[in-house]
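Right, I'll just put the structure down here and ask away after.
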Amino acid sequence: MAEWPTQPKVLGTRVPRVDGPAKVSGQARYSSDIQLPGLLIGMILRSRWPAARILRINLDKARKMPGIKAAVAVQEGPRIVRFYGEELAAVAGVSREACEDALRVIEVEAEPLPFVVREEDAKKPDAPRVWEQAPNMPPPRVQETGNVDAAWAECAAIVEGFYTTSVQLHHPMEPHGGTAHWTEEGLTAWISTQGIASVRDGLAGALRLEQSKVRVITEYMGGGFGSKFGPGVEGILAARLSREAGAPVRLMLSRFEESLAVGNRPSSFQRIKLGAKADGTLHVFDYENYGTAGIGAGQATEGGGGGADLPMPYIYQVPNRRIKQTAVAVNAGSARPFRAPGHPVASFGMESAMDELAVKLGMDPLELRIKNDPFEIRRREYKIGAERFGWKEKYRKPGTSPGPVKVGVGVASATWGGGGSRNTRGEVQINPDGTVEVRLGVQDIGTGTRTVAAVVAAEVLGLKPEQIHVKIGDTLYPLGPGSGGSVTAPSVAPTVFDVCTRALEELQKQTGVSDARGDNWKTACKKLGVNPLTVQGRWREGLSSSGVGGVQFAEVAVDTETGLVTVKKILVVQDCGLVVDPLTAESQVNGGVIMGIGMALYEERVMDWQTGLVLNPNYETYKLPSIADVPEIDIILLNMPERGVIGLGEPVHIPTAAAIANAVANAIGVRVPSLPITPRKVLTALGQVPVRRSSAT
Ligand code: MOS
């Protein structure tokens, strides 16, 4: 088993992004920046029926429109569409305007069908069926351990609550799509994706091409958060249009399309009953949940449409438990994995109930957690965090903050895997002039993959990170993992360690220089003569592991006259094994926390039950945190080199919303059990406005 150096020179130092200058200067090429001779624009015709039987699609008129070079239907023959925005056909033309005109003259013959878009409507036995052959809400899957019904009598405190979360949209800054170029030699596709290899295989499968005939390139991409693994219908359509037109086609979705058809986080409706012994030991847990994944199945899991349930009772162990989960189908786009699938939603439900229980027991919520937490690292994190945060001084009984603007604090926690993929391969080329190229078939979803690779290579070769040229985002490079599950850093770091270690040994052997690192580097490389040295390698055991904790403390101010919640501070205590580059790691934490603030306070897809349309399909009406909403984010990373590298992109997002919700309840003395915590919900909880019949939640 390999080991990281015990006295590193570069590892663990604050290395700025090696590709930062390329990004801020506009030199970084994203999929939509690709310019090719004869480039066409592609656009998609989408269903305006939330449900319909499509009988016929006639593209003849569209094909004859000026500037139009190709038109394709998603599917030949009759079919059923199940949500507003489902793809019907696509055109490619010389301009957006030409495409828009052509989309308008496509004739679609369809029979509208009844539909349902809200969870509470879809649950009803007489609701229109989203899928003909199955009820919208199947009976729950039940897991039962111990004796739930008998255990209540043994409890000193029992709490009950109903907690809900909303459907959220991923809304990466860069939309889905790409540029496809189909030639006699094969297909080259520049796709905005989290997985170049899975996109290559997806395109090859859908288009019946050999894998060797498909090349996928993603030099830079602007976020995916779980929604960008496969080629997507849009990627396949771009390729088909390119084939038909005999020209490259750029097809990027609009912000509107992003809100309809490329994934979302399922909602949840969680009924929780939780009981503990007098000393705070959790004893019994009774749970029911359903949420909607649209036309997808269940809570979306890593890498696919769904099926899996929320991980409950989340990080805790409860001897007597009954867990019933199901999902309700609605006529809306399918859910996709969304940053730590299931976990933030589970954390919100469970950690809310834990705080209610602490109040009932008269215990400090932090003490209750430490008492019931089986994970030693996290127990340590609670203590480290409490100290830094000043929990003892800041925590007071719920609702005792004076004045109209009340302050409160809350805490919540997370668990995640984040281990590396042993299939990862890599290659390094050392040139006679001393330059070094590391080539990896991974992609950077915005997390700093090039920088992580450069830091590791620099460490092993005794160079500076800026001397390493990291080439990624091309299926011609040795295979890398899809960037999901927070696996990229723990896949890449051990692989780069391996290839660079082998390359150094080979360089020393070939040139007779006994230590080619550092000062001797150029001399040794020159001795290579004319041939560069190319060495391949693979993920090495022992340099990464998985299984992290993570706790977050939140401090909020709640204006009881307006209902407005302001997050004043988030403290993050997170383990991630060996911290390769604190700067890169901290930027992951910032992103995760800000996304968690969005979940807590702002984000909610709103569906119109009468038209089936997403009512807030853009950045103006779908509220996301802006810079003014970002609080002080204090970060403590536990550096544990002996554990190797572990991913942290997802765990740092998990507990933020729960911690904020707990802080709001602590401030005002009543709980808003429904995310997002809007001013209206706060005022309603305070009894200051009449409860209105609301739509979704
Ligand atoms: Mo993810 S939700 O592992 O990109």
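The values are calculated or read from the model by the stated rules, or taken from the named source; none is laboratory data. Because the structure is predicted, anything quoted here is derived from the model rather than measured. Positions of Cβ are backbone-derived with ideal geometry, glycine not excepted, and every protein chain shown enters the neighbour counts. Only protein heavy atoms, including side chains, enter the accessible area calculation; ligands, DNA and RNA are left aside. Shrake-Rupley method; radii C 1.70, N 1.55, O 1.52, S 1.80 Å.
Rundown of residues vs (1) surrounded by fewer than 19 Cβ atoms within 10 Å (Cβ to Cβ); (2) under 34 Å from the mean Cα position of the chain (by Cα); (3) on the phi > 0 side of the Ramachandran plot, yes/no style:
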{"position": "Leu361", "(1), (2), (3)": "no, no, no"}
{"position": "Leu366", "(1), (2), (3)": "no, yes, no"}
{"position": "Phe375", "(1), (2), (3)": "yes, yes, no"}
{"position": "Arg380", "(1), (2), (3)": "yes, yes, no"}
{"position": "Glu393", "(1), (2), (3)": "yes, no, no"}
{"position": "Thr400", "(1), (2), (3)": "yes, no, no"}
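Go through (1) closer than 30 Å to Met640 by Cα; (2) open to solvent by less than 70 Å² (accessible area, probe 1.4 Å) one by one and return the number of the condition Gly26 breaks.
Checking Gly26 against (1) closer than 30 Å to Met640 by Cα; (2) open to solvent by less than 70 Å² (accessible area, probe 1.4 Å), the one that fails is (1).
Let me ask another. Looking for something in a helix (DSSP H, G or I), surrounded by fewer than 24 Cβ atoms within 10 Å (Cβ to Cβ) and more than 16 Å from the ligand (Cβ to nearest atom) - is there at least one such residue anywhere in the range 263-270? Quick ask: steps written out before the conclusion?
Just the residues of the range 263-270 that are in a helix (DSSP H, G or I), to begin with: none.
Scanning the range 263-270, I find no residue that is in a helix (DSSP H, G or I), surrounded by fewer than 24 Cβ atoms within 10 Å (Cβ to Cβ) and more than 16 Å from the ligand (Cβ to nearest atom), so the answer is no.
While we're here: Which ones in the range 60-110 are farther than 29 Å from Gly296 by Cβ and part of a helix (DSSP H, G or I)?
Of everything in the range 60-110, those that are farther than 29 Å from Gly296 by Cβ and part of a helix (DSSP H, G or I) turn out to be Asp60, Lys61, Ala62, Arg63, Arg96, Glu97, Ala98, Glu100, Asp101, Ala102, Arg104.
Any idea which residue in the range 227-252 is farthest from Thr447 (Cα to Cα), counting only those that are part of a loop (DSSP other than H, G, I, E, B) and open to solvent by less than 10 Å² (accessible area, probe 1.4 Å)? Working first, answer last.
Applying the first criterion (part of a loop (DSSP other than H, G, I, E, B)) to the range 227-252 yields 227-231, 246-248.
Remaining after also requiring open to solvent by less than 10 Å² (accessible area, probe 1.4 Å): 227-228, 248.
Numbers: Ser227: 16, Lys228: 15, Pro248: 29 Å.
Looking at residues that are part of a loop (DSSP other than H, G, I, E, B) and open to solvent by less than 10 Å² (accessible area, probe 1.4 Å), I get Pro248.
If I ask for residues that are of a type in the set (A, V, I, L, M, F, W, C) and open to solvent by 50 Å² or more (accessible area, probe 1.4 Å), which ones from the range 615-635 would you list? Spell out the reasoning first.
So in the range 615-635, the residues of a type in the set (A, V, I, L, M, F, W, C) come out as 615, 624, 627-628, 630, 633, 635.
The answer is Leu615, Leu624, Ile627, Ala628.
So which residues in the range 141-160 are part of a strand (DSSP E or B) and exposed (fewer than 12 other Cβ atoms within 10 Å of the Cβ)?
Within the range 141-160, the subset part of a strand (DSSP E or B) is 141-145, 157-160.
The answer is Val142, and nothing else.
While we're on this one: Of all residues in the range 471-514, how many are within 16 Å of the ligand (Cβ to nearest atom) and in a helix (DSSP H, G or I)?
Residues that pass the stated criteria total 5.
Which is over 23 Å from the mean Cα position of the chain (by Cα) and either closer than 21 Å to Arg380 by Cα or surrounded by 24 or more Cβ atoms within 10 Å (Cβ to Cβ) (or both), of Val565, Val589? Working first, answer last.
Details: Val589 fails: over 23 Å from the mean Cα position of the chain (by Cα).
Of the residues listed, the single one that is over 23 Å from the mean Cα position of the chain (by Cα) and either closer than 21 Å to Arg380 by Cα or surrounded by 24 or more Cβ atoms within 10 Å (Cβ to Cβ) (or both) is Val565.
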